[in-house]
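Down below is the structure, laid out as structure tokens.
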Amino acid sequence: MMMEKKQNKSQEGVASYSIQENVHSGLELELHFMPKFFHENGCGSMPPHIHEFYQIIWFRRGHGTHRVDFVDYPFTDNTIFFVAPGQIHAFDGSDDCEGVIILFNAGFLANEESSENIFLKYNVFNAYDSLPYYMVDNEEAERLMGIVGEMNREYSLTDAFAHKDYMQYLLRLFLIRVQRKGERKEVEKLHFYSIANRTFVRFRQLLEKNFREVHTVQEYADLLNISARTLTKYVSQSAHCSPLQLINDRIVLEAKRQLQHTSLNIKEIGYGLGFEDPSYFVKFFKRLTGMMPKEFRNTSKK
């Protein structure tokens, strides 16, 4: 199984990548190592691109800049980025960076019925109110490398009993260790046993799946079977902002992505984000960003 490059007709110069399920093993995961991966894909840099899978990029050694959704994040040793499907990102750094890249489709960790699994995925991915990376110390890095080493040994054992289950277990273990021991600078750590934090992460999950159609706090509260007041309290406790702010920010982020990286007109973008009235979408975007959509598109392409 190898990462495949595709080009969406609505995109302008932005590569889109996907990974296919291995027919033999059923695996929907790829494991790569730096610097080999970057030598094969651009010698230390990659232009803006999107992908249809989840991506963990662990810069074990090295420094540079990783741009994720219009923001530049400088990185140093033991910085671990978590990039979700649809996010636009680019990398620029030294071509001798050492590290690990793990790619997996949504279906590989598809069990989102339990609160634990929801927290495990949506506390690190799709966390638009937070930083897209964690830092780990050297001791924890050694523990994580042990997990990666086991993944690498298992990776080729496609005929082994419960091969896919074992790889899923190792990926889950990696995510658990990062959430236990990793740190997000200037971001308060969320705790699974806090009902406020659990509900907030569940809200993140629902927001990511429904932001194009669902725009109000009350609607999300209904989906969570709680009151709008309770949702507001839990989000405020967890993220120190309102749920409406996160809803609006997610809509604006998607609008920015499409304005900068697609040829869709403004009416089409607004309609795709749930705005039947193009003028209301323009006013909404201007109120949130201080710029008209057309102005943002022209400015971002300079």
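The values are calculated or read from the model by the stated rules, or taken from the named source; none is laboratory data. Treat the numbers as computed from the prediction; the structure is a model and nothing was measured. No Cβ is skipped: glycine too gets one built from the backbone with ideal geometry, and neighbour counts run over all protein chains shown. Just the protein is used for accessible areas: all its heavy atoms, side chains included, with ligands, DNA and RNA removed. Shrake-Rupley method; radii C 1.70, N 1.55, O 1.52, S 1.80 Å.
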Note to self: Of everything in region 191-213, what is open to solvent by less than 20 Å² (accessible area, probe 1.4 Å) and either outside any helix (DSSP H, G or I) or not aliphatic (A, V, I, L, M) (or both)? Give them in sequence order.
What the structure shows: N197, F200, F203, R204, Q205, F211
Next item on the list: Report, by residue number, each residue of region 161-188 that is part of a loop (DSSP other than H, G, I, E, B) and surrounded by 12 or more Cβ atoms within 10 Å (Cβ to Cβ).
Entry: G182, R184, V187, E188
Next item on the list: Give the number of residues within region 64-98 that are open to solvent by 50 Å² or more (accessible area, probe 1.4 Å), part of a loop (DSSP other than H, G, I, E, B) and over 16 Å from F37 (Cα atoms).
Entry: 3
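Yes/no per residue for (1) of a type outside the set (S, T, N, Q); (2) within 10 Å of the chain's Cα centre (by Cα):
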position: I56; (1), (2): yes, yes
position: R61; (1), (2): yes, no
position: G64; (1), (2): yes, no
position: V71; (1), (2): yes, no
position: T76; (1), (2): no, no
position: A90; (1), (2): yes, no
position: D96; (1), (2): yes, no
position: L103; (1), (2): yes, no
position: L120; (1), (2): yes, no
Next item on the list: For region 242-273, name all the residues that are touching a residue at least 40 places away in the same chain (Cβ under 8 Å), touching a helix residue (DSSP H, G or I) at 6+ places or on another chain (Cβ under 7 Å) and part of a loop (DSSP other than H, G, I, E, B).
Entry: L264, L273
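Considering region 229-278 alone, what residues qualify as being of a type in the set (S, T, N, Q) and either open to solvent by less than 60 Å² (accessible area, probe 1.4 Å) or touching an Asp or Glu at 6+ places or on another chain (Cβ under 7 Å) (or both)?
The first filter runs over region 229-278 and keeps only residues of a type in the set (S, T, N, Q), leaving 230, 232, 236-238, 242, 245, 248, 258, 260, 262-263, 265.
Passing the criteria: T230, T232, S236, S238, S242, N248, Q258, Q260, T262, S263.
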